[in-house]
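Here's the structure, in structure tokens; my notes come after.
The values are calculated or read from the model by the stated rules, or taken from the named source; none is laboratory data. Just so it is clear, the structure is predicted and the values come from calculations on it, not from any experiment. Neighbour counts run over all protein chains shown; Cβ positions are idealised from the backbone, glycine included.
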Amino acid sequence: MASAASPASARRPAKLAADLGVTALLSLAIFGTMVGLRTETIPGGLELQPQWTSALALAAVAVVGRLVLHLTVWSRPEGAPPLLPMGVRARVEQAATGTGKVFGPALLVFALLLPFLPFTDRYILDLSILVLTYVMLGWGLNIVVGLAGLLDLGYVAFYAVGAYSYALLAMHFGWSFWLCLPLAGILAAFWGIILGFPVLRLRGDYLAIVTLAFGEIIRIVLLNWYWFTGGPDGISGIPRPSFFGIPFDRGEGGFADTFGLDFSSMHRIIFLYFLILALALLTNFVTMRLRRLPIGRAWEALREDEIACRSLGLNTTSVKLTAFATGAMFGGFAGAFFATRQGFISPESFTFIESALILAIVVLGGMGSQIGVVIASVALIGGFEVFREAEDFRMLIFGVAMVLIMIWRPRGLIATREPSIFLREKKSVSGALVAQGEGH
Amino acid sequence: MNAQPLLAVSDVETFYGRIQALRGVSMEVRQGEIVTLIGANGAGKSTLMMTICGSPQARTGRIVYDGQDITALPTHQIMHMGIAQSPEGRRIFGRMTVMENLMIGASVADPGHFDADIERAFTLFPRLKDRREQRGGTLSGGEQQMLAIARALMARPRLLLLDEPSLGLAPLVVKQIFGAIRELNQTDGLTVFLVEQNAYHALKLAHRGYVMVNGKITMSGTGTELLAREEIRAAYLEGGAH
């Protein structure tokens with residue numbers, strides 16, 4: 001989007017036409033290949049099926065949209081008052097922070113009541129479990145990326161370690177979920193430290209590449225270590241969780257029987273829902289606590305300035321390793337949950353796109369913001385479901401939404417950061433003062 | 001004064017890869033002194049300060065602090081021994097509040113002193129108290145420098161290392177900062193090692209000074225002595241005395 005240079009040129013017809021021509025060419029190049037050509041499975045292979053009308057329609061939308069922007073927003077004279085008066089903007093911000101205080105607890109109450117609401121069916125509950133899994137993963141990754149500022153593109157590796165740990169321990173030793181869960185977390189944390197050591201000296205892009213490679217290494221090892229992990233066949237028949245030893249079975253001794261209820265397959269789903277809710281809340285609680293402790297503050301300081309950290313006597317090695325280990329541990333918990341919920345895992349579930357999705361949730365929500373992760377998970381995972389009908393355009397809509405949000409809210413949906421300590425009472429500081437400064 | 005200096009640097013050579021930044025530097029800071037190191041851009045002043053902090057470490061020579069050889073210790077250990085640093089460029093934690101910045105500064109100190117130390121920091125720099133819940137990145141340059149010094153003081157150091165505290169600040173603010181350094185030295189007896197390009201102010205403030213050229217100490221003496229030297233006037237003070 002080359003919008004920056006356009007305002008002045010907008011009023012000259014020739015330049016306008018040239019600009020629209022470029023827009024048309026670019027959008028045709030993009031949509032022509034992405035939408036205009038479609039592969040269909042036919043007996044004996046694939047067939048190209050042109051869909052030129054859709055591609056042309058999308059290109060036309062882009063051209064007309066740009067024309068409208070040229071004639072309205074971009075042709076406004078220099079120094080014209082902003083479309084949204086500052087007063088209104090400030091009031092909106094204030095309202096947002098005001099609702100923020102009740103929004104979290106309200107969301108929690110809603111989450112606790114959800115399984116018992118009249119409109120809740122199996123589908124909604126399954127979807128909610130999926131969303132909560134991503135909330136938990138987002139919160140876990142938020143420790144590494146949002147707090148400690150270490151860009152991790154291979155977070156799914158820890159999810160995988162947790163899932164396989166649970167699956168293998170439960171299958172081979174017959175240990176219960178509640179015993180395997182902490183073990184899966186510990187093993188994932190251990191792998192977090194293993195990843196942490198080689199990347200201690202790396203930052204930013206370099207760190208991102210190594211973590212990306214790490215994620216792929218774990219997946220490829222899982223794929224090829226056939227006798228141990230089952231390779232591409234995965235592991236099936238993973239034990240389902242029991243209600244603290246009471247299985248969700250029909251008949252004698254089952255959950256329904258023990259509590260005198262009619263048997264329903266929903267019991268297990270509701271239990272899984274509360275299980276992931278509890279795990280996610282645990283992640284949130286621990287993160288919020290740690291933020292107020294020296295270690296959490298050290299993570300944030302590391303994100304801000306590593307050299308300053310060292311000059312203040314922080315051991316950046318241990319600060320980084322604890323961040324990796326803590327983040328990985330929650331990824332491991334989530335993985336164990338994933339394994340017990342699905343009953344089947346294979347390396348297919350732990351591809352790079354998962355890492356990217358979790359990272360997108362963190363970035364979209366606003367790095368370091370806990371509630372932002374929730375909103376972003378609901379929006380992304382829920383959004384995928386809503387647009388399931390428009391299957392062909394799902395990724396396109398997703399991409400456009402991401403671009404737009406990053407233009408309007410470059411620091412994520414919730415960009416404000418709650419201070420972790422106050423002197424005596426809280427003193428409210430207006431939004432204009434606490435906005436991100438550039439004074440490094 | 002003690003016979004043994006608080007900090008003694010002898011024949012230190014430091015390299016960045018194959019480039020030699022310090023060429024056999026020897027200097028010392030005694031208990032209760034303000035010592036300044038002046039020199040042009042790129043002379044190696046900051047390198048010496050960072051070498052004292054162990055990052056990068058000296059390739060040859062010895063650095064002794066309070067009777068202990070710290071030449072090969074990692075930075076975070078050195079910072080636990082009573083040396084604190086306000087690094088070049090201030091390096092405030094921009095998204096964190098003033099209070100949080102100060103808390104991180106107190107990481108190596110006994111938590112029991114925290115309230116008293118915060119009080120002391122706010123007495124020294126009352127501006128910081130007004131801005132305590134504001135983000136570090138939104139402070140002015142002068143306030144950020146005050147915060148950088150206050151943050152270093154939270155570690156309760158015996159030796160405070162200051163790297164170019166006057167950099168990019170208005171003359172009036174420089175005066176304020178230097179006044180605070182003098183006060184710290186006179187009332188608390190804090191030992192200060194000050195790296196500065198602003199030679200005039202630094203030499204007026206300091207008890208003793210060293211001049212560094214191309215990674216070597218070329219002159220040393222008391223502040224007044226150095227200020228009176230013709231070479232110093234010509235090289236560092238022309239037009240700089242304001």
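Values for this structure:
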| read-out | value |
| --- | --- |
| Region A:279-319, subset among the basic types (Lys, Arg), surrounded by 18 or more Cβ atoms within 10 Å (Cβ to Cβ) and touching a residue at least 12 places away in the same chain (Cβ under 8 Å), residue farthest from A:Leu200 (Cα to Cα) | A:Arg291 |
| Check on B:Phe114, more than 10 Å from chain A (Cβ to nearest Cβ), at pLDDT 95 or above and touching a helix residue (DSSP H, G or I) at 6+ places or on another chain (Cβ under 9 Å) | no |
| Subset tally (residues that are part of a helix (DSSP H, G or I) and closer than 22 Å to A:Asp392 by Cβ) for region A:25-63 | 21 |
| From the options A:Phe244, A:Phe228, A:Phe248, residue that is modelled with pLDDT of 90 or more, among the hydrophobic types (A, V, I, L, M, F, W, C) and either more than 29 Å from the chain's Cα centre (by Cα) or more than 30 Å from A:Ser355 (Cα to Cα) (or both) | A:Phe228 |
| Enumerated helices (runs of 4 or more DSSP H) restricted to region A:334-440, each holding at least 3 residues that are away from chain B (no Cβ under 14 Å) and at pLDDT 90 or above | A:352-365, A:370-377 |
| Criterion (in contact (Cβ under 8 Å) with a residue 60 or more places away in the chain and hydroxyl-bearing (Ser, Thr, Tyr)) met by exactly one of B:Thr36, B:Thr51 | B:Thr36 |
| Criterion (of a type in the set (D, E, K, R), closer than 24 Å to A:Ala334 by Cα and surrounded by fewer than 13 Cβ atoms within 10 Å (Cβ to Cβ)) met by exactly one of A:Asp233, A:Asp205 | A:Asp233 |
| Count of region B:63-80 residues which are touching a strand residue (DSSP E or B) at 6+ places or on another chain (Cβ under 8 Å) and either within 9 Å of chain A (Cβ to nearest Cβ) or free of Cβ contacts under 8 Å to residues at least 12 places away in the same chain (or both) | 3 |
| Positions within region A:260-272 being in a loop (DSSP other than H, G, I, E, B) and in contact with a Phe, Trp or Tyr (Cβ under 9 Å, 6 or more places away or on another chain), in sequence order | A:Leu261, A:Phe263, A:Ser265 |
| Flag for A:Ala280 being of a type outside the set (D, E, K, R), under 30 Å from B:Ser46 (Cβ atoms) and either within 14 Å of chain B (Cβ to nearest Cβ) or under 18 Å from the mean Cα position of the chain (by Cα) (or both) | no |
| Conditions (1) touching a strand residue (DSSP E or B) at 6+ places or on another chain (Cβ under 8 Å); (2) under 23 Å from B:Gly42 (Cα atoms); (3) not hydroxyl-bearing (Ser, Thr, Tyr): number failed by B:Leu169 | (1) |
| Exclusive hit being outside any loop (DSSP other than H, G, I, E, B), in contact with a Leu (Cβ under 8 Å, 6 or more places away or on another chain) and not small (Gly, Ala, Ser), set B:Arg151, B:Arg127, B:Arg90 | B:Arg151 |
| Selection within region B:123-167 - at the interface with chain A (Cβ under 8 Å from one of its Cβ atoms), charged (D, E, K, R) and in contact (Cβ under 8 Å) with a residue 60 or more places away in the chain | B:Arg151 |
| Inter-residue pairs, beta-carbon under 9 Å, first in contact (Cβ under 8 Å) with a residue 40 or more places away in the chain and in region A:117-135, second exposed (fewer than 14 other Cβ atoms within 10 Å of the Cβ) and not in a helix (DSSP H, G or I), 6+ apart | A:Arg122/A:Ser265 |
| Filter pass, B:Val195 being surrounded by 17 or more Cβ atoms within 10 Å (Cβ to Cβ) and closer than 27 Å to B:Ala43 by Cα | yes |
| Residue list for region B:14-47, filter: over 20 Å from A:Ser311 (Cα atoms) and more than 20 Å from the chain's Cα centre (by Cα) | B:Gly17, B:Arg18, B:Ile19, B:Gln20, B:Arg23, B:Gly24 |
| Options A:Ala301, A:Ala308; residue that is in contact with a Cys (Cβ under 6 Å, 6 or more places away or on another chain) and either in a strand (DSSP E or B) or within 14 Å of chain B (Cβ to nearest Cβ) (or both) | A:Ala301 |
| Scan of region B:37-62 for residues that are basic (Lys, Arg) and within 14 Å of chain A (Cβ to nearest Cβ), ordered by number | none |
| Any hit, region A:177-184, residues being free of Cβ contacts under 8 Å to residues at least 60 places away in the same chain, exposed (fewer than 14 other Cβ atoms within 10 Å of the Cβ), closer than 29 Å to A:Asp305 by Cβ and assigned by TED's automatic domain parsing to the domain that holds A:Gly234 | no |
| Search result, residues across region B:198-235 that are in a loop (DSSP other than H, G, I, E, B) and buried (at least 20 other Cβ atoms within 10 Å of the Cβ) | B:Asn198, B:Ala206, B:Gly215 |
| Residue among A:Val362, A:Val378, A:Val400, A:Val386 that is surrounded by fewer than 17 Cβ atoms within 10 Å (Cβ to Cβ), among the β-branched types (Val, Ile, Thr) and under 25 Å from A:Ala106 (Cβ atoms) | A:Val386 |
| Residues satisfying the stated conditions in region B:31-44, i.e. over 18 Å from B:Ala84 (Cβ atoms) and either surrounded by fewer than 17 Cβ atoms within 10 Å (Cβ to Cβ) or modelled with pLDDT of 95 or more (or both) | B:Ala40, B:Asn41, B:Gly42 |
